[in-house]
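The values are calculated or read from the model by the stated rules, or taken from the named source; none is laboratory data. If you're wondering where the values come from, they're calculated on a predicted model, not measured in any experiment. Glycine also receives a Cβ, built like all others from the backbone with ideal geometry; neighbour counts cover every protein chain displayed. The protein model used for the area step is the full one, side chains on, heavy atoms only, and it has no ligands, DNA or RNA in it. Shrake-Rupley method; radii C 1.70, N 1.55, O 1.52, S 1.80 Å.
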Amino acid sequence: MSPDDSPVSQVELDDAFLAALLDDDAADLYENAPCAYISASVDGTILKVNATFLAWTGYTRNDVLFARRFQDLLVVGDRIFYETHVSPMLHLQGLVREVAADLVLADGQRLPILMNVVLGRDEQGRPTRVRIALFDATERRSYERELLAARKRAEESEARARDLALTLQSTFLPPDMPIVAGLELGAAYRPAGDGSEVGGDFYDFFETGPNVWGVVLGDVCGKGAAAAVVTALVRYTVRAEAARAPSPGSVLGAVHQAMNRSYPDRFCTALFLEIDLDRRLLTVASGGHHLPVRRSRDGRFDRLGRPGSVLGILDSPFVFDAPVTLAPGDTIVLFTDGVTEAQRDGDLFEEDRLRTIIERTSTMSAVEVADAIVSAALDFGGGESRDDMAVVVIRLPSDSSGG
């Protein structure tokens with residue numbers, strides 16, 4: 001066997017062939033990579049580009065090698081950004097990644113790109129070379145534009161929905177508080193969340209006879225359009241029946257029947273109060289709602305009325321009329337469960353805190369008391385309301401003469 005045929009010589013020959021093959025693969029990978037490569041001097045002068053760069057841009061090697069700075073191929077705004085931000089960051093960190101820019105092509109058109117830039121240094125740490133990898137961001141930019149457009153459309157749609165919800169909700173609340181001799185009325189309302197959905201809470205004040213006033217506060221289950229149509233039915237049924245029904249309990253009974261006829265799968269809770277100012281008589285009826293809280297002038301608290309059944313569920317609801325004699329200085333508060341069920345770390349606002357707020361506002365007007373209660377419940381819940389909040393305050397001034 002000759003020395004050339006020895007196993008050692010054959011291995012060396014194979015290694016040399018493999019090295020040459022790898023060099024060819026490496027060269028091809030560089031030239032035809034799925035991204036563009038640029039080598040430049042520290043000031044940005046282009047020293048080397050791959051074939052991908054030339055194919056994307058339409059430039060020839062003579063157009064760019066030693067003739068252009070890389071940053072000069074960017075649109076004006078991106079060129080300024082490169083000089084003022086990318087280059088300083090590159091010298092500070094040695095690497096800048098995923099910078100979006102537009103590259104000016106040979107025919108004047110633009111190519112959206114993402115660039116990664118690396119700063120090479122010699123053994124003494126001095127900058128020697130800038131290496132840049134460019135990625136075609138055309139589809140990404142198109143996707144981002146469509147995403148931004150979709151987001152803008154969604155925000156506009158959300159704004160329209162919120163405006164519609166607020167407009168619709170306002171029809172369930174009286175536009176102005178009535179002025180009633182010998183009586184103070186106040187109310188406050190806060191929708192859940194950002195107010196983009198119509199809530200089921202509502203209240204109303206209206207005259208039912210000579211010096212006799214009706215007050216209703218209710219909470220229809222659900223939100224949105226489905227709740228809105230039921231809320232409208234309940235509110236206007238109360239108004240219509242209050243003029244002819246013999247008692248507040250009869251009014252709520254009529255509401256129950258109307259709901260069963262029109263929306264048998266829905267329900268609501270409601271309070272209806274009738275105030276006879278000449279007799280200083282308040283009659284309370286509750287359809288499954290929290291009973292009103294009264295604070296007397298001497299600071300005592302009590303609940304008014306008797307619990308009744310939720311409206312719209314039972315075949316035969318039970319609702320009771322509970323007469324209460326009013327006295328000067330009485331403050332009566334009606335509220336929906338969004339107030340007492342405001343939460344903080346699993347703790348509820350509840351009625352005890354409500355009474356504390358009422359005590360602190362004994363010198364305020366009825367409107368101020370209602371606002372203070374809603375504000376306190378909101379603050380307790382961290383400024384966010386998970387449910388609608390509605391509060392109605394009825395107060396007999398201390399010097400009230402009853403008419």
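Put simply, when 265-278, 52-65 are sorted by average Cβ atoms within 10 angstrom per residue, most first, you get 265-278, 52-65. When only Cα pairs below 8 angstrom with a gap of at least 6 residues are kept, the stretch 261-403 shows a relative contact order of 24 percent. Between the C-alpha center of the stretch 54-117 and that of the stretch 366-388 there is a gap of 56 Å. Think of it as helices only: each DSSP H run of n ≥ 4 in the chain is worth -39500 (n - 2.57), and spread over all residues that comes to -11500 deg cm²/dmol at 222 nm. Counted over the stretch 332-403 with a bin width of 10 Å, the fraction of Cα pairs per bin, in whole percents, is 21, 51, 21, 7, 1. Across the stretch 207-339, the mean sequence separation of Cα contacts (distance under 8 Å, 6 or more residues apart), normalised by length, yields a relative contact order of 25 percent.
Please check which bits of the stretch 101-142 a label hung off Glu155 would reach, taking the label as a point 7 Å along Cα-to-C-beta and the cut-off as backbone N under 19 Å. Label zone hits: 142.
Between the amide H of Gly120 and those of Thr128, Arg129, Val130, Arg131, distances stay under 5 Å, these residues lying 5 or more places away or on another chain, with hydrogens modeled in the peptide plane.
Peptides 96-104, 364-372 ordered by packing proxy, namely the average of other Cβ atoms within 10 Å per residue, highest first: 364-372, 96-104. From the square roots a ≥ b ≥ c of the eigenvalues of the alpha-carbon gyration tensor of the chain, which class results: rounded (a/c under 1.5), prolate (a/b over b/c), or oblate? Note, shape of the chain comes out prolate. For the chain, the relative contact order works out to 13 percent when only alpha carbon pairs closer than 8 Å and six or more residues apart are counted. Only helices reaching 24 angstrom along their own axis (Cα) with mean Kyte-Doolittle hydropathy no lower than -0.5 count here, and for the DSSP H runs of the chain these are 7-31, 224-242.
Element breakdown for the chain at a 1.4 angstrom probe: carbon and sulfur atoms account for 52% of the accessible area. Given axes a ≥ b ≥ c from the Cα gyration tensor, I'd like to know whether the stretch 282-403 is rounded (a/c under 1.5), prolate (a/b larger than b/c) or oblate. The shape class here is oblate. Accessible surface for Lys48 stands near 100 Å², nearest 10, in the context of the full protein assembly shown (1.4 Å probe).
Largest accessible area first, the listed residues Thr231, Thr128, Thr363 line up as Thr363, Thr128, Thr231 when surface is computed with a 1.4 Å probe on the assembled protein chains. Rounded to 0.05, the FRET efficiency of the Asp352 and Arg145 pair, given R0 = 45 Å and the Cβ-Cβ distance, is 0.25.
Potential lengthening of the chain between Asp63 and Val118 amounts to 17.5 nm, from the contour at 0.36 nm per residue minus the alpha-carbon distance.
Highest mean packing first, where packing is the average number of other Cβ atoms within 10 Å per residue, the peptides 66-75, 304-313 line up as 304-313, 66-75.
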